[in-house]
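Asks: This structure is in structure tokens; I'll ask about it shortly.
The values are calculated or read from the model by the stated rules, or taken from the named source; none is laboratory data. Model, not experiment: these values are computed from the prediction. Using ideal geometry, Cβ is built from the backbone for each residue, glycine included, and neighbour counts are taken over all protein chains shown. Protein only, heavy atoms only, side chains kept; ligands, DNA and RNA dropped before computing areas. Shrake-Rupley method; radii C 1.70, N 1.55, O 1.52, S 1.80 Å.
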Amino acid sequence: MIKETFSPEETFLFGKELGENAKPGEVYTLIGDLGVGKTVLTQGIAKGLDIDEPINSPTFTIVQVYEEGRMPFYHFDVYRIGDIEEMDEIGYEDYFYGQGLTMIEWANLIEEILPDHYKEIKIEKDLEKGFDYRRITINEVEK
Ligand code: ADP
Ligand code: MG
């Protein structure tokens, strides 16, 4: 499915809908260039999970865990991962196959350990449609 947004608020609200509809154990991957709106969307998802604390990019921690919402929220940013073994050290399977919502930024870097089924979310700009235009594409992936 494709969702087009024309403001950060709209992207946030779309994220909120995703969060409201998320089910325990789901894995979402999030792809998009710097500044495209990944954090805005993630903040919306967190809101949809009834998480009120601020969501930041987990750049220096690989995973940030939020326990206060409707279900746990595991926010990964694997951009700085050096070796896939670092994921084992973190115990990623407890998150990916746990009872929360897992969201992974830069998931292409850890493709070999992604679960058989996940939701791929891609955000893109199209400057011909304006600075604030974003196209959000969601695909169900079956490996
Ligand atoms: P990323 O996490 O992908 O690097 P951010 O979410 O931190 O990006 O930043 C996105 C920036 O783009 C914000 O400054 C936001 O205000 C702006 N923006 C403009 N239009 C949109 C839109 N339609 N959706 C999301 N963000 C938008
Ligand atoms: Mg970000």
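Asks: When you go through ILE31, ILE51, ILE55, ILE45 one by one, which is the residue that is over 23 Å from ASP116 (Cβ atoms), in contact (Cβ under 8 Å) with a residue 12 or more places away in the chain and within 14 Å of ligand 2 (Cβ to nearest atom)?
Replies: ILE55
Asks: Answer yes or no as to whether ARG80 is open to solvent by 50 Å² or more (accessible area, probe 1.4 Å) and either touching a helix residue (DSSP H, G or I) at 6+ places or on another chain (Cβ under 8 Å) or within 20 Å of LEU34 (Cβ to Cβ) (or both).
Replies: Against the criterion (open to solvent by 50 Å² or more (accessible area, probe 1.4 Å) and either touching a helix residue (DSSP H, G or I) at 6+ places or on another chain (Cβ under 8 Å) or within 20 Å of LEU34 (Cβ to Cβ) (or both)), ARG80 qualifies.
Asks: A further question on this structure: Could you go through segment 77-95 and let me know if any residue there is of a type in the set (D, E, K, R), within 13 Å of the chain's Cα centre (by Cα), under 26 Å from LYS143 (Cβ atoms) and in a strand (DSSP E or B).
Replies: yes
Asks: OK, next. Output the number of residues of segment 40-71 satisfying the condition of being open to solvent by 50 Å² or more (accessible area, probe 1.4 Å), within 15 Å of ligand 1 (Cβ to nearest atom) and not in a loop (DSSP other than H, G, I, E, B).
Replies: Looking only at that region, the number is 3.
Asks: Can you name every residue in segment 19-39 that is part of a strand (DSSP E or B), more than 14 Å from ligand 1 (Cβ to nearest atom) and not aliphatic (A, V, I, L, M)?
Replies: If the condition is that a residue be part of a strand (DSSP E or B), more than 14 Å from ligand 1 (Cβ to nearest atom) and not aliphatic (A, V, I, L, M), then TYR28 is the only one that fits.
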